[in-house]
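All remarks here apply to the structure that follows.
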Amino acid sequence: MTLRPLLSILLAACLGAPAIAQTSIDRAVVGATAPLSDAQKSTVAAFIAKQGGAFKSGTDSEAMEGARWAMVSLLRDPAASPNFRKAFAVAAIAELGALIKGSDVQGAVQAMQVLRFTRATEAADLLLERSSPGSEPNAAKRISASTLLAESLKDVDANAAYFESTARRLREACSAETDPVALQQKLLAMSSAARRKDLPPDNSRAVRKALVETLSGLAKSIKGSKAADPRMQTMQRALISVRNDVVEMSQAERSAVAKVLAPSLIDLVAAASAQWESAHADAQAAAAYASTMNSCEVLLRLLDRSERPGAYEGGKPDGDQRLLAPAWDTKDRSKFDAEAKKWTDIVSAPPYR
């Protein structure tokens, strides 16, 4: 499956659904306030087996669409209880797990879409597994799993420790990811976890720390590339999100983050200098590098004003001019490298070191 049909499936899940027949699952099961009995679990499993058969056939797109929405509509029902959704997730994984891990991309994406709405950690864990290059070789499925995981982490029923553990696992998955879109979605998933409104502050800080450390590792890897690296575009989008977080951080957290983030930004600037010719040779890469350099300079200045306010007292009129991106765009190598050296010298000294 190509990326466009894959994203169409995900978009359709968010925008609307075709008319479907009423489910055969009793409302008392859907709204169960206690863990489901064996008989109730059997009812759920039978329903999933019947609907999931359309996914496994892989021949009738309309039937798959209807089956997906038959299941998703149940899970999105305001009356659906956590007990029901958890039992549904366990049964769905048992019935559809092999399909999700198999080679049929369309059927796997449809099944993963169902799991996303269970809000169960068991489902999120399977999406996390499928988002990793170590367990899922198909990039389209990794993109789907990562996208759905980012959405799932907004409302998954989990304790605070779960989000820290998930962030650590995502960090490992990101370090091995070669597809820039899949990488972008995994970074978005980490941001989704950190922004949970019900997540205690200490846990949010831990997830943000994991995200910044992930970016640090990626920056080092991109710096080591011999030619223009497509992950630079992913970094540009991630840095915009991080910038928004940095603005909201306390001074103490910002200072801690600066010691990891500022050197990472310098690594990205160094990568742009080292990959100057190959990146400029491709219009799309050149634009991505320019945008990333702009984000790097904005973040460096934001961090530096916080860490070294005295250096900006009596601010010069040109103090906020951005030089890296314009120098990149005009292909002024000497001006770019001079500005890069200035920032490298700043970040190589206290309070960053």
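The values are calculated or read from the model by the stated rules, or taken from the named source; none is laboratory data. Here the structure is a predicted model, which means the values were calculated and not measured. As a convention, Cβ positions derive from the backbone with ideal geometry for all residues, glycine included, and neighbour counts pool all protein chains shown.
Residues that are more than 31 Å from the chain's Cα centre (by Cα) and under 17 Å from residue 271 (Cα atoms) were ranked within the range 337-352; the one that is surrounded by the most Cβ atoms within 10 Å (Cβ to Cβ) is 339.
Here is a yes/no grid of residues against (1) of a type in the set (S, T, N, Q); (2) more than 26 Å from residue 182 (Cα to Cα); (3) touching a residue at least 60 places away in the same chain (Cβ under 8 Å):
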| position | (1), (2), (3) |
| --- | --- |
| 230 | no, no, no |
| 236 | yes, no, no |
| 241 | yes, no, no |
| 258 | no, yes, yes |
| 263 | no, no, yes |
| 297 | no, no, no |
| 308 | no, yes, no |
| 336 | no, yes, yes |
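For the range 181-210, a tally of residues being among the hydrophobic types (A, V, I, L, M, F, W, C) and in a loop (DSSP other than H, G, I, E, B) returns 1.
Taken together, 189, 210 contain a single residue that is crowded, with 17+ Cβ neighbours inside 10 Å and in contact with a Lys or Arg (Cβ under 7 Å, 6 or more places away or on another chain), which is 210. Residue 72 meets the conditions (1) buried (at least 22 other Cβ atoms within 10 Å of the Cβ); (2) in a helix (DSSP H, G or I); (3) of a type outside the set (Asp, Glu); (4) over 15 Å from the mean Cα position of the chain (by Cα) in every case but one. The failed one is (1). For first residues located in the range 311-326 and at pLDDT 60 or above, partners that are among the basic types (Lys, Arg) and lie 6+ apart or on another chain with Cβ distances below 6 Å form the pairs 312/305.
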